[in-house]
Amino acid sequence: ASLVAYAGCGTAVTVALGKPLVALNQEQLRREADFRYGLVRLRDNAESVAFYRGDESERAQVAGRLGLLAANAAKLIDLERTVGFFTRWERYLDPLLPA
C-alpha cells in the first residue's frame, strides 16, 4: 500500500511540475516559426530594405524576435531541469523503499 501511495504521489508531483511544459513547448514552436518568418521576409525584401535604409528597424525586429525566442527557451530549459531533478531524485529513492 505504501508503494502505491509513493508511486501515486510521485506521479502527481511529476504531472504537476510538467504540466506547464506543454504550453511552453507550444510557445517555443510559435516563437521559432515567427523568427523564421521574419528572416525569410527580410531575405525576400532585402533589396527594398537596403534601398530605403531600413536595416536598423529590421535589425531591431529580428533582435526582438530572437530575444523572445531565447527567453522562452530559457524558461523551457529551467522547467525541464526541474522536472528532471525531481524524477531523478525519485528514481534514486526507489531502492531505499521496502518492497
Within the range 1-15, residues being surrounded by fewer than 11 Cβ atoms within 10 Å (Cβ to Cβ) and within 20 Å of Asp78 (Cα to Cα) number 2
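Per-residue answers, yes or no, for (1) in contact with a Lys or Arg (Cβ under 8 Å, 6 or more places away or on another chain); (2) not hydrophobic (A, V, I, L, M, F, W, C):
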| site | (1), (2) |
| --- | --- |
| Ser2 | no, yes |
| Ala7 | no, no |
| Pro20 | no, yes |
| Gly38 | yes, yes |
| Ala60 | no, no |
| Leu68 | yes, no |
| Leu76 | no, no |
| Glu80 | no, yes |
| Gly84 | no, yes |
Among residues of the range 40-66 being under 20 Å from Gln28 (Cβ atoms) and surrounded by fewer than 12 Cβ atoms within 10 Å (Cβ to Cβ), the residue nearest to the chain's Cα centre (by Cα) is Ala63
Output yes when any residue across the range 53-70 is on the phi > 0 side of the Ramachandran plot and not in a helix (DSSP H, G or I), and no when none is. yes
Taking the stated definitions as given, is Leu29 free of Cβ contacts under 8 Å to residues at least 40 places away in the same chain and part of a helix (DSSP H, G or I)? yes
Pairs needed: first member in the range 86-99, under 16 Å from Leu17 (Cα atoms); second member anywhere, open to solvent by less than 70 Å² (accessible area, probe 1.4 Å) and aromatic (Phe, Trp, Tyr); C-beta distance under 9 Å; at least 6 residues apart or different chains. Glu90/Tyr6
What number of residues within the range 54-85 satisfy the criterion of being closer than 30 Å to Thr11 by Cα and touching an Asp or Glu at 6+ places or on another chain (Cβ under 8 Å)? 1
Residue count, the range 71-98, condition open to solvent by 60 Å² or more (accessible area, probe 1.4 Å) and part of a helix (DSSP H, G or I), comes to 13
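The values are calculated or read from the model by the stated rules, or taken from the named source; none is laboratory data. Please read these numbers as outputs of a predicted model, since none were measured by experiment. Don't worry about glycine lacking a Cβ; one is built from the backbone with ideal geometry, like all the others, and counts go over all protein chains shown. In case anyone asks, the SASA skips ligands and DNA or RNA and just uses the protein heavy atoms, side chains included. Shrake-Rupley method; radii C 1.70, N 1.55, O 1.52, S 1.80 Å.
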